[in-house]
Every structure is written in C-alpha cells, then in structure tokens.
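What follows is one structure encoded as structure tokens, with my remarks underneath.
The values are calculated or read from the model by the stated rules, or taken from the named source; none is laboratory data. Note that the structure is predicted; figures quoted are calculated from it, not measured. As a convention, Cβ positions derive from the backbone with ideal geometry for all residues, glycine included, and neighbour counts pool all protein chains shown. The area values use the complete protein model at the heavy-atom level, side chains included, leaving out ligands, DNA and RNA. Shrake-Rupley method; radii C 1.70, N 1.55, O 1.52, S 1.80 Å.
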Amino acid sequence: MTPCLFLLSDHACPALLHPQLVSHLRWRDLQARPELLSELVQCWHAQPPGEAFWVLDLPDGQHALLLDALRGEGLDLSPWLLWLPDDGQPDREAQLARAWDAGAWDVLDEAEPQAISRTLRRLLIQARTQSGPAARLRQLRSELQALRASLDNLPAPIFVKNAAGLYTECNQAFLDYLGLTREQVIGRTVYEVAPPAQAATYAEADRQLLAAGTRQIYEAQVRWADGNLREVMFHKAVYRDEFGRPAGQAGAMFDITERRQLEHRLRHLAGTDVLTGLHNRRSFIEQAGQRLRDACQRGQPMALLLLDVDHFKQVNDEHGHAAGDAMLCHLTQLVRATLRADDIFARVGGDEFAVVLDGPEHAASLAQRLPLLFNEHPLTLGERQLPCRISLGAALIRPEQHTLDSALNQADLALYEAKRQGRNRSVLIDTHTNGE
C-alpha cells in the first residue's frame, strides 16, 4: 500500500519518496503564481479517496493562509501533514501548536527518507480505517470545529492556555480584542500578544492560578485593540490532565465598562442635589465625616459653615417657586466661585447650605466676606432685581474633640446667633484654640 504524496516545500524531495510523489510545488512558486493552486486541486481530486496526503513544509504561520486559499478553490484539505524535523528549533513547540490548531493530521518529525516513507504508510492505514484512534481523531476534530464555531458566536473573549503559558485555543472575540489573527495568537505566550506591562501582570496571575489549582475572578482595566480602555472582569479556571495535575487554564473576559459607568452615574445621582448639582445631605454626611477623620489623624483644625437665605419663604410666596429656585442657584454660583477645589459644598436642606473647609484663616475671611458678597450681587430676574441676603454660622473646631454631629451643632449655634442679631450677617464660634 503506497500513499500518493503532494509535497509543498522549498526543499528537495528525497529520492526514496519520488515514486509516491504526485506533485512537488515550491512555496515561493505558489506565492508568485497563485493559479498553480487550481492545477493542484485538479490533481488532488483525480486521486482515489483516502490514498493521498499533503505534506506541508511552510514558513511558520502560513498554513492557515494556504488552507484558506485552497478552500477558495473548493478544496477542504484533509488529511495534511506537517514536515517538521526535530532539528532543535527554539520555537518548535509553538509551531506544533499552531499546526495542530490549523488542522494537521500528524507531524512528520523524521528527517531520514525511509522513516518518512514508513510513517506515511502507517498514516494511510489509519486514514482508511473506520474505527480505532484515527477514526476517533476525526470525530474529535469534527467536535472541535463545532465547539469553535459555537465559541466564535459568543461576544465575550474566551481563551485557553496550556501549563507552559502557550495559547492553544481562543474565539473570534478574543482575536478582535487583541487586534491579531489566529496565527499570531495560537502557540504564543502572553508576552508575544500583549504590551509588556500588561503581559507581566497576566503572567503573574497565571502563575498564581496554576499554583493554587482552582479559579480566579478579578477585575482589571484592559486596553482594547481600538485603543479604548475598558473595565473587564476575568473568570479563569484550571483544567487538569489524566493524572490530576494542572495542565492549563481556560478563561473568559466580560466587559463591564457600561455597568461600571452606570453604577458611577447612579452613585453620583444618589449623592447629588438635582437643582444645584451640589452634594446632597446624604453625600455631605459621608464626605464631611471622612474629612473630619482625616483632619483628626493629621491633628489639624477644620471649619464648618452653615448658611441659608434670609426670608426665603417670602421670596417663594411673593415671586413664585421658580424665583426661589433661581435664588438657590444664584447662591450656589456665588459661593462656589469663592471656594477652593478641595472644599466640600452641599445643599443640606431647602435653603440651607453647608461648607467644610481646611484651615481657620480661610474660613474666618470667607465667613466675613460671603454676606457682603450677596449684598453686592442681587438676583436678576428679567427686568427685576431681587435682593439676596444670607445668614451664616461658622465653627472652627479641633477634630479630635468632635463627632460630625457635635461639629455641626456648633455651626448651627453660630447660625442661630446670626439670625438673633438681625440676619444678613455671619457669626463665628472658635473652639480650635481654646477648647470647649
């Protein structure tokens, strides 16, 4: 039983194989004259089914290109063999992985012609049999193609690596994420497909996963091939060989960018006053409480200011609620323009506002200046100008002596005193130097 041989190689065919040789085409000739493919397809179909092999000796990564070209000529090449003598090539394992991924039937690693001939005869027998390892291999390849087609329809990037860190499988979404072809990924490591900084992070995560032999779920920022930075949740798990040893890992990447953005927007809305865009009371309590704890750790004084619009109900009753809203927005703009970037400013009630400041000097001058500022800037509504008056209470405190409630109580006492004295003014309570 002598198999027919189609050889695609730039190397000379051993003389012993000449009787089996149907066609010997050089790769460089095929690149120069693509029409030769049609002639090869005709020769291939002229052979008895199951009695011919392609033996490919191509530059690494070109197998899939050739197979695609042959499919374009109406030929789904099977079986085909990779001719890869074991000559100590440093990337041999990667080449083998990519050849298997492209659908190689087997690998000829013999360099001696008689050994190649014996291997071809053995493979021909296997190719003809309807049972045994070869039939099972055909079945597994068919199942692999079905599984790959299914994975390619999933939107989440999916990948498989062996214990050496080489990619052995991935879906189309993973290739799209990397912006690479399948030939550029399969059989390569993360250092060959990802930027150095990301590759080092992924490699360390892989090492920890294989050492633990379990699962990993974590979030990370990943830059997509289109340049966009995305929030991604990784789900990875170890798979094992027949002896129970970790043999590699399978993983999926879920893009949670939109979910994180929605969560951020919801948190922002939950803590924002709709009318003014300032922190609302809930957000103020969180922010001010943290600022109080930070100031306590640093041993530095801080200030709290409470202010509201004098006779605000009268503004609503005489000019309408739209005018009242405009007055609150006017107040917001004037105060915000006087504050520093790290000051906390919030609307904590109907017409009541709160400010948290670091540094007593700034707080004292601001407390004196704000009522005057409002006197100088009435609210303009069409052709009318409404006077804007505020009362303000400020408390300078030593954080280690207060809770947030007690600190706010000091500012509230100062605000009450400003109202008792006739409004349109500020009162400052200073406890940060003398204590309470």
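Got the relative contact order for the chain handy, in percent, Cα pairs under 8 Å and 6 or more residues apart?
9 percent
Given the DSSP H assignment, sum -39500 (n - 2.57) over each helix run of at least 4 residues in the chain and divide by its residue total; what's the result at 222 nm in deg cm²/dmol, nearest 500?
Theoretical 222 nm ellipticity from helices: -14000 deg cm²/dmol.
Using a Förster distance of 45 Å, how high is the FRET efficiency between Ala46 and Arg148, based on the Cβ-Cβ distance and rounded to 0.05?
The formula returns an efficiency of 0.90 here.
Enumerate the calculated ³J(HN,Hα) couplings along region 202-212 in order (Karplus 6.51 cos²θ - 1.76 cosθ + 1.60, θ = phi - 60°), each rounded to whole Hz, writing x wherever the residue is Gly or Pro.
Once θ is set to phi - 60°, the couplings for region 202-212 become 5, 5, 5, 4, 5, 4, 5, 5, 5, 5, 6 Hz.
In nanometres, what is the gap between the two model label sites at Glu231 and Ser38, each 7 Å from Cα along Cα-to-Cβ?
Taking the simple label geometry, Glu231 and Ser38 are separated by 5.7 nm.
What aspartates and glutamates could a cross-link reach from Lys236, if we take a straight Cα to Cα line under 17 Å and drop same-chain neighbours fewer than 8 places away?
Glu169, Glu204, Asp206, Glu219, Asp255
Tell me which residues come under 5 Å, amide H to amide H, from Asp310 once H is placed; ignore anything under 5 positions away on its chain.
Arg389, Ile390, Ser391
List the GluC sites (Glu not before Pro) in region 341-395 that DSSP assigns to loop (not H, G, I, E or B) and whose Cβ has at most 12 other Cβ atoms within 10 Å. Which are they?
Here the GluC sites (Glu not before Pro) that fit, given the DSSP loop and packing criteria, are Glu383.
Probe radius 1.4 Å, ligands and nucleic acids left out: which of Leu209, Leu144 has the largest accessible area, and how do the rest follow?
Per-residue accessible area, sorted high to low, gives Leu144, Leu209.
Determine which residues of region 304-321 fall in the zone a paramagnetic label at His377 would reach in this model, i.e. backbone nitrogen under 17 Å from the point 7 Å along Cα→Cβ.
307-310
What does the accessible area per residue of region 217-318 come to in Å², with a 1.4 Å probe and no ligands, DNA or RNA counted?
59 Å²
Does a label point 7 Å from the Cα of Arg340, set along Cα-to-beta-carbon, have any residues of region 269-310 with amide nitrogen under 12 Å, and which are they?
Zone members listed by number: 301-303.
Which cross-chain or sequence-distant (5 or more) residues have an amide H under 5 Å from the amide H of Ile429, H modelled 1.01 Å from N in plane?
Here the answer is Ala394, Ala395, Leu396, since their amide H atoms fall under 5 Å of that of Ile429.
Using a basic spin-label model with each label point 7 Å from the Cα along Cα→Cβ, how many nm lie between His24 and Gln421?
The answer from the label model is 10.7 nm.
Of all the accessible heavy-atom surface of the chain, with the other protein chains kept in place and a 1.4 Å probe, what percent is carbon and sulfur?
C and S fraction of accessible area: 52 percent.
Leaving ligands, DNA and RNA out of it, rank Ile186, Ile429 by accessible area with a 1.4 Å probe, largest first.
In descending accessible area the options line up as Ile429, Ile186.
Divide the volume of the convex hull of the Cα atoms of region 232-352 by its number of residues and quote the answer in cubic angstrom per residue.
Considering the Cα atoms of region 232-352, their hull volume per residue is 175 Å³.
To the nearest 10 Å², what's Val315's accessible area with a 1.4 Å probe?
Near enough 20 Å² of accessible area.
Please compute the per residue accessible area over region 369-435 with all protein chains in place, 1.4 Å probe, rounded to a whole number of Å².
Value returned for region 369-435: 53 Å² of accessible area per residue.
Using only protein heavy atoms and a 1.4 Å probe, report how much of Lys313 is accessible, in Å² to the nearest 10.
140 Å²
Given the C-alpha atoms of region 166-210, compute the convex hull and give its volume per residue in Å³.
72 Å³
Would you list which lysines come within 28 Å of Lys313, measuring only between C-alpha atoms, while excluding same-chain residues fewer than 8 positions from it?
Hits, sequence-local ones excluded: Lys419.
Across 10 Å bins from the origin, how do the percents of Cα pairs in region 4-50 run, short distances first?
25, 51, 24
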